[in-house]
Structures are given as structure tokens and as C-alpha cells.
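The structure appears below as C-alpha cells.
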């Protein structure tokens, strides 16, 4: 799900999923969570903290295939 008002804004977080079905997995999650995101291939851009919190709570797939980049602090967020 992509909302046009966020396309020109800088994302707060980028989530990358390593899977052959990554785009489908991300799109399915975004649709179910009803979060404002932008998805391209295996990357999903999040524009608000709430979306990241929802992702941490609702992601139904393996966490070892997920990488989260914090764009503002320029660091990875690790899922321990």
C-alpha cells in the first residue's frame, strides 16, 4: 500500500526482507496492518514510529531474514 503524500518525504525506517517472496510478504503485512508505507521489491519504507511498532508486533514471518535500518540515526535496529 502506497500513499502519495509520503512519497517525497524521507523515511524514518527501511525494512529489508531476504526472501524470494519478500515483496508479497511485505504487501500482505502492510495491507493487514493498514500502515502508510512504500514498498519496492524487498524493501519497505516506513514514515512513522507507529508503523515500526506495528511491524514488531505483527510480523508473522522469520525474523532472521529481516534487517531494519534507522534512517535518522543511521544505524541498524536489531531484533533480539
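Each reported figure results from applying straightforward, stated rules to the coordinates on display, with no laboratory input. Note that the structure is predicted; figures quoted are calculated from it, not measured. Cβ atoms come from the backbone with ideal geometry, glycine included; neighbour counts cover every protein chain shown.
Using the alpha carbons alone, the radius of gyration of the chain stands to its Kirkwood radius in an Rg to Rh ratio of 0.92. Here the spin labels are modelled as points 7 Å beyond Cα on the Cα-Cβ line, and at residue 72 and residue 32 they lie 2.8 nm apart.
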